[in-house]
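The values are calculated or read from the model by the stated rules, or taken from the named source; none is laboratory data. Since the structure is predicted, the reported quantities are computational estimates derived from the model, not experimental observations. For neighbour counting, all protein chains shown are included, and Cβ atoms are generated from backbone atoms with ideal geometry for every residue, glycine included. Heavy atoms of the whole protein, side chains included, go into the accessibility calculation; ligands, DNA and RNA do not. Shrake-Rupley method; radii C 1.70, N 1.55, O 1.52, S 1.80 Å.
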Amino acid sequence: MKTLTDENARLKEKLTLLVGCSVTSSALAGKNYKKLKDIAADIKTQRQGLVDFEVYVKWMSANMAGYSKYFAAGSVAAGFAKVLPIPYAGQASVLTKFISNAAVSLSAASVSTNKYLVTSQQFIKRVDALDASKGLNPAEVSELVTFADHELLNGMIDVQEKLNSTAELAASSLAFLESVHHYMGTSEEYWSKTKSLLKSDDKKEKGFLADSIAALKNKAATFNTKFRTFDDTVKKDTPLIKSMLAYDELIREIDPKIVAKK
């Protein structure tokens, strides 16, 4: 963050010198327009994965209930199966809390993703409505820069944080389920302590767990690949948006009549 602040300070100093050389507010608005177009292109790429994120989050939510009995069985055996991993920040001993937190986390990810779908579409629509060939209105550009810094960037970072929590949840769940599956097949003591909780025959239960692990592993791998692409665009566009603010501040210094809507 300090590096970004320093870069913006240097940019503002450079732009101040340019203003002394008769740079106009329209010229600076044109520079911000180009940045807005670049960011809009990245947002369009982001949106291609957002629907997939929503589908994945809903799939995780639906399957957490099925996983819960294995978490419960694992917690019963925790006293003698010390090598079992503790899922999600050490909450294996409080499985009700783990499942509850997972549901809250996934619900928050879904809400955040849907909200950002709306916000990002609004941004793209407004950028596409700007027409440099007909002359840019610095006030309109300034308003859009403010929208990008407030609504768009905040929404983008919120999705990034929520989806990162989803990735961590999937990784913790997968590690725990794999260990449960391993001890089902290798430890009679573990299995004798836990199978009464599962209430189905051994073959069916072990087969279901193996299928669940395979599905979670495959879907999580696909999600993580797409999430890295999303994360890369956040890291790329955050400094771009902040640099536009430096231009925008100078635009309003040059032309005090231009006031972006807050």
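Of note:
- Heavy-atom surface of region 96-157, accessible at 1.4 Å and reported per residue (Å²): 46
- Take each peptide in 53-64, 152-163, count the other Cβ atoms within 10 Å of every residue, and average; sorted highest first, the result is 152-163, 53-64.
- When each of K34/K236; K34/K162; K31/K162 is checked by Cα-Cα distance, pairs over 27 Å: K34/K162; K31/K162
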